Amino acid sequence: PWVTPLGLWMGSGGCGRWEEEKKEDGVKWMQLEHRGPYFVPLYEPLPEDVQFYYDGKPLKLSLATEEIATFYAKMLDHVYTTKEIFQNNFFHDWRKEMTSEEQEIIKDLDKCDFGEIHKYFVEKNEARKALPKEEKQKLKEEADKIQEEYGYCILDGHREKIGNFKTEPPGLFRGRGEHPKMGMLKKRIMPEDVVINCSRDSKIPEPPEGHKWKEVRFDNTVTWLASWTENIQNTLKYIMLNPSSKLKGEKDWQKYEVARRLKDVVHKIRAQYRKDWKSKEIKKRQRAVALYFIDKLALRAGNEKEEGETADTVGCCSLRVEHIQLHPQLDGQEHVVEFDFLGKDSIRYYNKVSVEKPVFKNLQLFMKNKDPTDDLFDQLTTTFLNKHLQHLMDGLTAKVFRTYNASITLQEQLKALTNPEDNVAAKLLSYNRANRAVAILCNHQRSIPKTFAKSMQVLQAKIDAKKKQVEEAQEEVKKAEDEFEDTKDAKAEANVEKKKKLLKRLEEQLAKLNVQATDKEENKQIALGTSKLNYLDPRISVAWCKKFGIPIERIYNKTQREKFAWAIDMAGEDFEF
C-alpha cells in the first residue's frame, strides 16, 4: 500500500498520492474509518487440578483473584519477582481485588505458593512450541484474519496499516530500571475506557456486544484512531498508524529535515551560548550551560513533573546539586564534571566529562550555598529553554540536538571506520561500531541478555570447530604440495589449487565467526535499536549501503525497511546529512 513519495521529493511532478496534500494547516485527514481496537480475550479459569496453596493448604480463589495470581505465577522465574518493591506493590494491589473472605485468609505473600500455577503455564508454553506444523499454520491463519479485520483503516481513500491495533492485556507493571511502581496491577482495558476517533461520515466502529464506547470523536487535527488512560502512570495510550504509513513516513522525514537545518546554524548557536557564559544575568548563564550539556552530551531536557507522581528521574534542566561532582583535576584531565543520576525510564546516567573552564566556574557558582537536593539550574525551566531555542531556529527543541548529534556522529564514524577493502562482515562490524558510538552518546543501555553466556558458548564452540577444520585444511594443502613436488603432474597441481581454495574458504568463515564474537561482546550492554529507529537519519545508512555494496537487509529488517521506505527511495550513495 506504500506509494513511493519520489514525486514529492525528487520534484518530478510524481504520483497522485502526494498531490492530494492541499489541506488546511493542522488538518491531518478528511476521511478516517476503522473497526476500533481489538480487545484481548477474557480470562480463562485454571483447570480444577491446578491449585493455589496458602500456608501449605490448597485454597480455591475467586475468579478475579485467581487471574491476578496467574500474572505473578507466570513471572516466578523472572528477576522482578525477587525485588521487594515489586512484591509489595503486587501484594497491595492484589489484596484490593480480593473478596473480604480472601482478605481475611491471605495476609502474607511469603505463605503464598504459586508453584503449581507456574508449572502449568510453563508446560502450556512448551506444548504450544511443540505443536505440529499444521496446527501452528491454523493459529497463524486466525491471527492473520484478525489482522485483516482490525489491522487496517481507510485514510483519505487509501487503505493504511495500523500500528498497535490490540489493547494491552492486563498484567503486572514492570517499568524500566528501578521503577517505583513495578508490580502494580495493570487493569484490563474495557470499551467503556476507550475514546474512538473517526470521521463523521464513516461507519462508526461497533463496540463489543453489551458494551459502549467512552466517547466518539471526530477530530481531524490528530492522527490517532483510539485512546484510553492507563491506570498506573495515568498516561494516555493511543492506537496509531503503522510506521510504514504515509503520514508517519512524512513526519519522520520532516523530523530529520529539521535536524539537518540545525547543521547550518549550530556554529552560531554555539558561539551564542559561549558568549552567554559571561552574561550579567544568572538566568542566561544557567541556560547557556544547560544548552552546552544538551549539545555536547546529548542529555534530554528533562520536563517539569508533578511531585511524587512518577519515578525520581531527571533531565538536564531538572538536575540537582547532588547529581554532579566537580573535580578541578581527575585522571589526568582538568575541570572534570562527574554526572550520576537516573534519566528517562530510570536508566542510570554515569559519566565523567572534562568541560571548558568557564562552564566549570559557572557550575561552582550555581552550586554555591545550596543543599544537595536543591536545583542546579534553579532559574531555568524547560519552557524557558525551549522558547529560547525556538527563537534561535524555527522548530528547534532539545530533542532536535539529540537527533542532530546522533546522526552527525554516525556519519563521521562511518567515514572514519569503513575500509572499502574489507569484506561484508568486517564492514558490518564497522557499521555496528559506529552505531555503538551513537548509543553510548545517547546512553542507550540494556541489561546483559539472560541468554548471553549460553549463545556466546555456542559461538565459541563453532569457532573452535572451524579452527580445527582450518588446521586440517592446512595439513591437506601441505600434503598436496609435497605430492606435486614429487610427481610434477597436472592432476597433482590441480589438487593443490583445489585444497588451497578450500583452505581460503574456511579461513574466511573463521574470520567471519571471529568478527561476530567481537561484535556480540562489544554489544552486550548497549541497545542499538533505540538510536537506529529514532535518532539516526536512515538516509545515512542507506547511502552507506549503496556506496559499499552492502545489502540493505543486513542493516534493516523487513519492518524497518517498510518504516524507512521513504529513505530507501530517496538516498543515493552521495547523500550527506
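The values are calculated or read from the model by the stated rules, or taken from the named source; none is laboratory data. From a predicted model like this one, the values you see are computed outputs, not experimental measurements. Quick reminder, even Gly has a Cβ in these numbers, built from the backbone with ideal geometry, and neighbours come from all protein chains shown. Note: accessible area is taken over every heavy atom of the protein model, side chains too, but ligands, DNA and RNA are not part of it. Shrake-Rupley method; radii C 1.70, N 1.55, O 1.52, S 1.80 Å.
Overview of results
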| quantity | calculated |
| --- | --- |
| Test: residue in the stretch 345-367 that is within 26 Å of residue 256 (Cα to Cα), at pLDDT 90 or above and crowded, with 18+ Cβ neighbours inside 10 Å | no |
| Pairs, first farther than 24 Å from residue 161 by Cα in the stretch 126-145, second surrounded by 11 or more Cβ atoms within 10 Å (Cβ to Cβ), C-beta under 8 Å, six or more apart | 131/139 |
| Residue pairs meeting the criteria (Cβ under 6 Å; at least 6 apart or on separate chains; first over 18 Å from residue 345 (Cα atoms), in the stretch 441-463; second aliphatic (A, V, I, L, M) and outside any loop (DSSP other than H, G, I, E, B)) | 459/517; 462/513; 463/513 |
| Residue within the stretch 136-146 that is touching a strand residue (DSSP E or B) at 6+ places or on another chain (Cβ under 7 Å) and open to solvent by less than 70 Å² (accessible area, probe 1.4 Å) present | yes |
| Residue 342 aliphatic (A, V, I, L, M) and either touching a helix residue (DSSP H, G or I) at 6+ places or on another chain (Cβ under 8 Å) or free of Cβ contacts under 8 Å to residues at least 40 places away in the same chain (or both) | no |
| Qualifying residue in the stretch 456-467 (condition: surrounded by fewer than 12 Cβ atoms within 10 Å (Cβ to Cβ), part of a helix (DSSP H, G or I) and of a type in the set (S, T, N, Q)) | yes |
| Residue tally, condition in contact with a strand residue (DSSP E or B) (Cβ under 8 Å, 6 or more places away or on another chain) and either among the aromatic types (Phe, Trp, Tyr) or in a loop (DSSP other than H, G, I, E, B) (or both), over the stretch 361-376 | 4 |
| Of all residues making up the stretch 422-454, the number that are open to solvent by less than 40 Å² (accessible area, probe 1.4 Å) and either among the hydroxyl-bearing types (Ser, Thr, Tyr) or part of a helix (DSSP H, G or I) (or both) | 15 |
| Cross-chain or 6+ apart pairs with Cβ under 8 Å, the stretch 210-222 first and closer than 21 Å to residue 241 by Cβ, then exposed (fewer than 14 other Cβ atoms within 10 Å of the Cβ) and not charged (D, E, K, R) | 220/27; 220/30; 221/26; 221/27 |
| Strands (runs of 3 or more DSSP E) fully within the stretch 162-278 counting 2 or more residues that are over 30 Å from residue 349 (Cα atoms) | 195-197, 215-217, 226-229 |
| Verdict on residue 502 being aliphatic (A, V, I, L, M), open to solvent by less than 30 Å² (accessible area, probe 1.4 Å) and free of Cβ contacts under 8 Å to residues at least 60 places away in the same chain | no |
